[in-house]
Amino acid sequence: MRRLTRADVPLATDALARFLIGMVVVRDLDGTLLTGRIVETEAYTADDPASHSFRGPTARNRTMFERHLHAYVYFIYGTAYCLNISSEPAGVGAAVLIRALEPLTGLDAMRTQRGSAAADRDLLRGPGRVCRALDIDRRLDGADLETDARLWLGADGSPRPAVRSSLRIGISQAADRRARFYAVGSPYLSGRKALSPDL
DNA sequence: CAGAGGATCGGCT
DNA sequence: GCCGATCCTCTGG
């Protein structure tokens, strides 16, 4: 598995969100590798009222303003963390939300983290589950994914899946933007089935 | 300083 | 499908 560098990936948010479908999230838990293939993302741009960055930098969202390939991790609903990858050059507040992964390796460790005997299909289906299973929380906020030992992105040379777009999930502002991207036909997607048609 | 609301999940109907 | 849990962050006074 080759580690992705900044030179490998698009700067622009929507292009990055699309590019990341098929890439691999690698979480190194003291030498145990938990990995999953990205099957679903959402783009949040600086001019998007639904984006945390829309009203400018704050203590919470500051890593959205880092240059691309930094981890932006935030806590939501008192119960869940969400993992994002910052996009765009430094100073522009934008990121890609990782919504779902197909589990590849370390499934037993993921179940331990989840604290349940979840089926493979449910281990990483949804942004909160991804963070629970991969032990991702605010400690990883701001991590540089090009150099950090704990969390990085990989390319394993597998064929690129077909990608389609849809409306985003759980959004009330700018709800009409088609900024969700998914691997067509993947059984590991979150959300209602109607949002992820195969054709 | 108080109040509202949120890029969710799991359990129940 | 709906509802509650749970708490951090931002906003306004």
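Only the coordinates and a few stated rules stand behind these numbers; no lab work does. Here the structure is a predicted model, which is why all the values come from computation and not from measurement. Cβ coordinates were reconstructed from backbone atoms using ideal geometry, including for glycine residues, and neighbour counts include every protein chain displayed.
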A:LEU195 versus A:ALA59: modelled label distance in nm, points set 7 Å from Cα along the beta carbon direction: 3.1 nm
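Using 1/(1 + (r/R0)^6) with R0 = 45 angstrom and r between the beta carbons of A:SER116 and A:ALA15, what's the FRET efficiency to the nearest 0.05? Walk me through the intermediate numbers first.
Working: r = 36 Å, r/R0 = 0.80.
So the FRET efficiency works out to roughly 0.80.
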Loop-resident sites, the range A:63-128, for chymotrypsin sites (Phe, Trp or Tyr not before Pro), counting at most 14 other Cβ within 10 Å (DSSP): A:TYR77
Cut-off 13 Å between beta-carbons: net charge of the residues surrounding A:SER190, Lys and Arg +1, Asp and Glu -1: +4
For the range A:148-156, Karplus couplings with θ = phi - 60° (6.51, -1.76, 1.60), whole Hz, Gly/Pro x: 5, 6, 8, 8, 7, 10, x, 10, 10
Exposure proxy ranking, count of Cβ atoms within 10 Å, fewest first, for A:HIS70, A:HIS52: A:HIS52, A:HIS70
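About its Cα centre, what dipole magnitude does chain A give when the only charges are +1 on Lys and Arg Cβ and -1 on Asp and Glu Cβ, stated in debye to the nearest 20? Numbers along the way, then the final one.
Numbers: 28 positive and 23 negative charges, 88 e Å.
Here the size comes out at about 420 debye.
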Which of A:VAL24, A:ALA50, A:HIS70, positive extreme of dipole for chain A (C-beta unit charges): A:ALA50
Long-range HN-HN contacts of A:LEU29 with modeled amide H, under 5 Å: A:LEU34
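Can you tell me, using C-alpha contacts under 8 Å and at least 6 residues apart, the relative contact order of the range A:2-187 as a whole percent? Could the numbers behind the result be given before it?
Values: 436 pairs, mean separation 52.1, N = 186.
Once divided by the residue count of the range A:2-187, the mean separation gives 28 percent.
For a test of the definition: using alpha carbon positions, the gyration tensor, and the 1.5 limit on a/c, classify chain A as rounded, prolate or oblate.
Working: a/c = 1.32, a/b = 1.14, b/c = 1.16.
Taking the square roots of the gyration eigenvalues as a ≥ b ≥ c, chain A is rounded.
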Among A:ALA17, A:ALA162, A:ALA133, residue whose mean-square fluctuation peaks in a GNM of chain A (springs only between Cα atoms under 10 Å): A:ALA162
